Structure formats: structure tokens, C-alpha cells
Amino acid sequence: MSYTVLLLDDDPQFRNLVRPILKAKDIRLIEAATGNQAMSIIGNTTLDLIVVDGLLPDTDGIQFIRDLRTIGNNARIIFVSAFWRDAESYKVLTDNLGVGLVIHKPVIPTVFGEQIDSELQRLNIKSESTPVDDNLHSVLDGLAAEYIQQLPEKLSQLSQTLAEARKNPHQSAFLAEARLCAHKLRGTAGSFGFDKLGQAMGQIEDGLTELSKGKALKPPETWATIESAMFEAKALIDKKPEIATINEPMPIDVTSNISLSRILVVDNDDSFIQSVEEWCKQRLIDVLVTKTPEQALSQVQDNLVEAAFVNVDLENIGEQRHLQFAKKMRTFAGLENLPVAFVSASDNTFINSEKVQLPYTLYIKKPVSKAKLEHSIKQMAALRKLEQPRVLVLDDDEYFVKRVSSVLRNAGMQTFTLCDPLKLVDSLNEIEPDLLLLDLVMPTISGFDICRMLRTMSSWQQLPIIFLTSQTNLETRVAAFRCGGDDYLPKPFADEELIARVRLRVERTQLLKERANKDSVTGLWLKHAFIEQLSIMLAGAKRQTFPVTIGVLAINDFKEIHQSCGPTTSDAILATLGKLINNRFRAADLKGRWSQEEFIIAFHGVSKQQISAALDSFLQEFKTIAFPGSDGKTLSASFSTGLATFPIDGDSTHSLIQIAHQRLLATMTNTFVASKE
């Protein structure tokens, strides 16, 4: 049986792209380029599904669907758009207009076909899923090659239309034509794999939309952005096709809280240094300033820094050495993934070049506004958080493993690869990943059997496992979940979907662990969880020969404070110290609550001598905080510390904690101060 689908899109290239995919699925495809044509077809044809583009020559997609519902047509609809993103429109589409699926261009043709299948199945209509064969890939490759040949003419047409629109700002027809042209290129170019070109067209379309609706606050600046994007698009077309299809890294979330304790600035620009210091002072972030790269290399050995601004205009850095300097800093323990922002007052060519030589890197041009400075620091803080996911990829296809690893590494994750499943257990014990990406079909043992085996091992029962396979039938998918898999991703898949699913699984697992293992008052690890994490850290320290320092902190006179001022004050002291510990020390360090008034920290890659100064500074900060005492008065609190370092003071969790605790007791002081006004 053939199922009838109407494809309403005025872009012939997009229709050419998805046509072979849909026809390969026993689907009768009807095409329309305008809303009026579609309405005529709908009036004379019974349709199982309608695919509607968001912007049409005679109407927009949302209005077309609204008109369709007004006349009583309740057909299943997929809405496809290159510009829609806001939650309000999504709510209108799904809740008010009954749209079954909303897709954002660019689409991946094979995934788009599976989405069509899914919508047909929701209607109790099961289309026969035809495998994507080599002939279809050849068809798509041919279409892509043909599209490449047409791109110069399409860009030329867009350029001419933009020129007319700017000359005649009061004639909306030119703006509408240019916007429609950019809209087509935005969706279709990305669907053919030309992501950078699609992004440039997106900037143009968004700018034209602002101008057409009168929402551009400064039209000259909007036109400048459009012209810049057009220049970039033309430059991409002049390159080789394979260069134009390189994916950009996933955008970094910069909305999260900043959890940096110290930033390094390598610069002799007093104005820039002052800006960084003023901004950081308000957020209790220390700033370490050095004037030369030699001073910086000396300082980072003895100071805990979590991000760095480096001026490449300095005499001893420059264009040729800035990357080598950053790599040298990252050779020190604990700084392996140090985020670095290179700044320059000149238009150095490297700032605008491809930023693939060094991960965790930003490029900023001076002068740096407050907004740009804040954005950059937030980016670096976000990059620090992205260190945490450790992903092991197991697949017998060496090239596939390398590609997946590159995608995840580019998204800020630590990736490890393995092609021999027989070495998996040893690799798990050595790497201790946060997630396993597992191929289903391998020559010696199946992914199903590997997953079943891991679920019998206490160490790996909770390890998130995502299956990667080209087998997409229902029986295989069900079997993947029955053997203990957490998720299933069919090949081929979108890079963005892979990144999103990996992050989601890791974050959910970490959240569940935190709920079970975190102290509700301080937000730090509970005792048993801390020991478990410390055992893992020490195992890594023994393999890689780096130091680990254990610090046990105890609030002085805590029992007296509790008896004198009550639980409200004592809980406030505990919560405040816990929050400060969590925010002032690195993500790589372990932080826990050891007992009623004791805290414990495991510092990754540093010795007692290196951490002592940081703890002294931390103590001085804590002592300045006023807590509510009795009778409306306030009081201050302090803590004492005992330190022990692996391997000098011991080589086990028990011995190190015991020595640190003994040293703590030897330094405890009686500092309780009566409440004061």
C-alpha cells in the first residue's frame, strides 16, 4: 500500500534533496511550491501527512496551517523551518494547531526519512522501511555536487537583491525577495552539509527579518552584519567544498554560574588588567598578574589557576608562539585543559583563522568591553565544566571510532577509544569513564553480551551505555534496552544529536549520584561517596605519578557556637563554608563533609606547599563573613587545617586521611569570639 504525503516547500533544491528519501519508502509524494497550490491539492486529494515549510511566497507556514484548521482539515502535519526557534511559536504549533512534529532546517536526509516514518506510525500507518542503499547515497552525492555548481549563481542573485533592498529601503518587495532567497539557502545548504554557509545565510535572514518588521534598533549596523555574512559566504564558496562543510563546534552554554577561583593574566596593559581585576573582585575571584610568559610559567607551577588571558602582542609571545606557550602551561599537573583566552589589539590573522589547533581556546580583540569580558570569563568557566565527561568509544571500525572521538572532543569532552572488545574491562578500570558508547556488532563478542556482562559487575552496573549501530529494526532496539542499555542511536546520526544524548545521559547519572551522595546542608560529598571518589583519584595518581593532597578542615569551637547561638547559626556557618569550598576550588578537586564540623578536600595534582597559600587566603576570606548570633548580634568563624600528601605521607585513603586528621588536631585553636554588635 502506498501512503500519500504532500511536501509544501517553494525551494526546488530542498525538494530534490528529500524526494529520493521519501520515494524509497513506498510513499506517494505530491509537491507544491505555494500555499494556494497546496490548498487546491488538499481539496481534491486524501492525504496521510503534510510537510509544511515555515516561509512560503504567498503566506507563512503557521498561517497556512491555521487556515487549514479553519476549514476543518485535521491532517497530520510536520512543520519544517530554518528560522523558527522560540517556545511561544512551538506552543502555538503543537498545542493550538495540532502539529505533530516541528523540525528545524537544515535536515539530515536519512534522519528526515525516519521522522516521516515515525509520524506515519503515529497514525497507525506503518510504511515499509527501505534500507538506504548505496544507489541512494550516490543520488544524494550527485545532488550535492549539482548544488555546489549552482551556489555561485544563487549567491550572486542574493547579492543583487540585497543591493536593491538597501538602495530602496521603503520598497518592501526587495526585502521580502532577499529574505526568501536567504531562507532557502539557509535550510538547504545546511541539509547538504554546508553548515558554515547555512549559518551565514541565517545571519542574513535574521537581519532582513528585523529590518522588514522595523525591529532593527540601528539599521546601519544590521546592514553591516548582513554584508559581513555575505562576504563570509562568498569566501566559503571560493574554498574547496570539503572545507566549506567542516562543522563548527557546538556553542558553549555561558549562562551557568561562574565557579572559578583564580584567573591568570599575562599582559602589560594596565587598563586591561584593571578591568579584569575590578570585574573579578566583585565576584570573589583572585587574579594572578604576570608581565611576561616566563613569569607566568614560573607562577602557574605554584598557584592554582583555572583560566588565563594571554596577550599575544607581548614581545616574547606573538603569533608564532602563542599556541606553544599555552601548550607549555598545560603540561603542569591540574592544568591539562586550562581554558585560555588570547587577546590582541591588532588584527592578527590567527585571530580570524580556523580555531582547531588548540581546544579550550578563545580569541578576543581589544579593546575588551565589560560585556565581552564577562562573556569570555563565563565561556572559560563553562569550558572548565566540560572537562568532566569522560567517554569511552568501543567500535571495531577504526575510522568510525576516530570520527566519533573527534566530534565529542570538539564538544569539550575527554574521549578514549578502543577497537578490541576483549580489552574493555582493563580499559574501564584504567579510564573510569562517565559513559560508554558501544557498537552492537563486533567480530568477537556482541554489544549485547558486553552490556549484560557489565551489568553483573558492581563497579559498572550504573555506567551509562549508549548503543551505536546501523541496525534499526524494532527487535534490535528492544533487545538493546533489555540487556541493560540506556539509549540507542542508529547510524548514521547527526553530530549534534550524539553530543546532546551523551551530555544528557552523563548529566542525569551525575544528578542521581549527587542526590544520593551529597550532603543536603553543604552540597558536598558525603563521607562514603568522598572515599569512593578519592580511591579513584589515588588510583589515577599511582598510574600517572601525580601528587594528591588531602586537607581536613574543622570549624573552630563549633559545638560552643551551636550551644550558644543555636542550629540556625551553626547551619548557616556550615552551608556558607560548604558553598565557598565548592566555588573557590577547582572542579577537578574533591570536596566533602567529613563529620558534623569537619570538611575534607582532595586537591588534584598539588602538594602541601602549593596548597597552603591558597588555604590561608581562603581562611582570611571566611573569617570576614558575619553570621547571625544571639540577641540580634553577629559573630565570625574560622577553621583549622591538617594536610597530607600522596605519596610522601602515605599511599592509601586511610593512611592519608589519618595523617591529615592528626595534623589537624595538633593545630586546632580556641578562637570562639562572643557575639558582638
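The values are calculated or read from the model by the stated rules, or taken from the named source; none is laboratory data. Keep in mind that this is a model prediction, so the values were computed, not measured. Every residue, glycine among them, receives a Cβ derived from its backbone with ideal geometry; neighbour counts consider all protein chains shown.
The table for this structure:
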| quantity | calculated |
| --- | --- |
| Test for Lys559: is it outside any loop (DSSP other than H, G, I, E, B), farther than 30 Å from Gln462 by Cα and assigned by TED's automatic domain parsing to the domain that holds Ile648 | yes |
| Lone qualifier among Ala529, Ala541 - being under 30 Å from Ser640 (Cβ atoms) and in contact with a helix residue (DSSP H, G or I) (Cβ under 9 Å, 6 or more places away or on another chain) | Ala529 |
| Hey, Ile465 touching a residue at least 40 places away in the same chain (Cβ under 8 Å) and under 19 Å from Asp396 (Cα atoms) or not | no |
| Residue satisfying condition, being at pLDDT below 85 and touching a strand residue (DSSP E or B) at 6+ places or on another chain (Cβ under 9 Å), within set Leu143, Leu123, Leu136 | Leu123 |
| Cβ-Cβ under 9 Å pairs, at least 6 apart or on other chains, segment 193-215 side without any contact (Cβ under 8 Å) to a residue 12 or more places away in the chain, far side assigned to a helix (DSSP H, G or I) and surrounded by fewer than 20 Cβ atoms within 10 Å (Cβ to Cβ) | Lys215/Thr209 |
| Long-range neighbours under 7 Å by Cβ, at least six apart or interchain, first residue of a type in the set (S, T, N, Q) within segment 480-492, second buried (at least 17 other Cβ atoms within 10 Å of the Cβ) | none |
| Residue tally, condition buried (at least 19 other Cβ atoms within 10 Å of the Cβ), at pLDDT 90 or above and under 22 Å from Arg179 (Cβ atoms), over segment 11-42 | 3 |
| Subset of segment 258-311 (residues that are in a loop (DSSP other than H, G, I, E, B), over 15 Å from Pro367 (Cα atoms) and not β-branched (Val, Ile, Thr)) | Ser259, Leu260, Ser261, Gln282, Arg283, Leu284, Lys291, Gln301, Asp302, Asn303, Leu304, Glu306 |
| First in segment 14-38 and within 23 Å of Gln63 (Cβ to Cβ), second anywhere and assigned to a loop (DSSP other than H, G, I, E, B) and of a type outside the set (D, E, K, R), Cβ under 7 Å, 6 or more apart | Ile30/Thr45; Thr34/Leu56; Thr34/Pro57; Gly35/Leu56; Gly35/Thr59 |
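Per-residue answers, yes or no, for (1) closer than 24 Å to Glu336 by Cα; (2) in the same structural domain as Ser406 (by TED's automatic domain parsing); (3) not small (Gly, Ala, Ser):
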| residue | (1), (2), (3) |
| --- | --- |
| Arg482 | no, yes, yes |
| Asp495 | no, yes, yes |
| Asp519 | no, no, yes |
| Val548 | yes, no, yes |
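Conditions tested, residue by residue: (1) buried (at least 18 other Cβ atoms within 10 Å of the Cβ); (2) among the hydrophobic types (A, V, I, L, M, F, W, C); (3) modelled with pLDDT under 80.
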{"residue": "Glu221", "(1), (2), (3)": "no, no, no"}
{"residue": "Ser228", "(1), (2), (3)": "no, no, no"}
{"residue": "Ala233", "(1), (2), (3)": "yes, yes, no"}
{"residue": "Asp238", "(1), (2), (3)": "no, no, yes"}
